[in-house]
Amino acid sequence: MASIAEQNLEYSVRGLLTRNTDLCNEAIAEEDEVNQLERLIDADSFEILIRFNPVAGDLREVIAGMKVANNIERISDEAQNIARRARKVLKHPEIPEALLIEPVYEKAVSLFRDAMKAYAEGNTELAMSLYERDRDLDEAHSDVIRELSKGMDKESGRVKQMLHLIFMVRSLERVGDHAVNIGEDAVFLADAEDIRHLGHKRAAKRRRKKGSDATPPKTDSDPAV
């Protein structure tokens with residue numbers, strides 16, 4: 001499911017940058033496959049919950065899987081949105097501002113890949129690193145929005161094209177948000193810790209505190225270091 005969503009994201013952006021409508025159409029068509037996989041994951045998860053009544057780590061795995069699937073589906077939705085807007089941009093002459101999308105895309109897709117790696121491997125350090133990288137993505141998103149807004153002021157004849165590009169950049173920023181959500185689910189799965197809505201500093205502080213609380217106090221019988 002994640003592979004298809006990533007492919008859809010790539011096709012939508014590459015379709016814009018290479019002016020290839022077929023790639024955009026492919027990204028739109030493959031969205032149905034992602035939706036079907038989400039429904040399948042949900043159905044299997046509900047069956048496990050009903051039949052086996054899992055607890056502890058098994059229960060977390062089922063819950064985290066459903067939540068990750070939902071975020072992947074949202075990422076694929078954003079890819080479809082980009083592809084639809086790209087097709088509209090491609091109906092007009094090429095504009096150089098479209099190239100501003102690429103560095104934002106690279107940051108977003110890198111976040112998504114590492115979020116999935118953190119989830120699959122239980123790598124909580126990698127998951128926590130996504131917060132800082134998402135801030136970098138947010139800054140890149142804001143920079144591009146400013147550039148596109150300036151272009152709209154200078155050339156009123158290209159307002160619609162610029163607006164489509166602005167919405168594409170916003171979709172890529174949302175991809176980063178969903179990647180962070182997946183990273184938070186990776187932490188929940190690995191450590192049974194809910195760090196949603198805390199932000200980077202508070203989440204890191206809570207994890208440090210939990211780690212220190214989990215360390216047993218040293219006694220006189222402990223061997224000397």
Just flag the trypsin sites (Lys or Arg not before Pro) in region 139-201 sitting in loop per DSSP whose Cβ has no more than 15 other Cβ atoms within 10 Å. Arg196
Can you list, largest first and rounded to whole Å, the semi-axes you get for the chain by taking the square root of 5 times each eigenvalue of its Cα gyration tensor? 40, 23, 11
For the chain, which DSSP H helices look membrane-span-like by this rule: Cα extent along the axis of 18 Å or more and mean Kyte-Doolittle of at least 0.0? 2-17, 159-191
Which value, in Å³ per residue, describes the convex hull spanned by the Cα atoms of region 31-85? 48
Distance between Cα centroids, region 1-66 to region 75-91: provide it in whole Å. 18
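Taking a threshold of 31 Å on the Cα-Cα distance, which of the pairs Lys67/Lys91; Lys107/Lys160; Lys67/Lys150; Lys67/Lys160; Lys117/Lys160 fall above it?
Lys67/Lys91; Lys67/Lys150; Lys67/Lys160; Lys117/Lys160
Read-outs: derived from the displayed coordinates by stated rules, not from any lab. These figures come from a predicted structure and were not determined experimentally. Note that each Cβ is placed from the backbone with ideal geometry, even for glycine, and that neighbours are counted across all protein chains shown.
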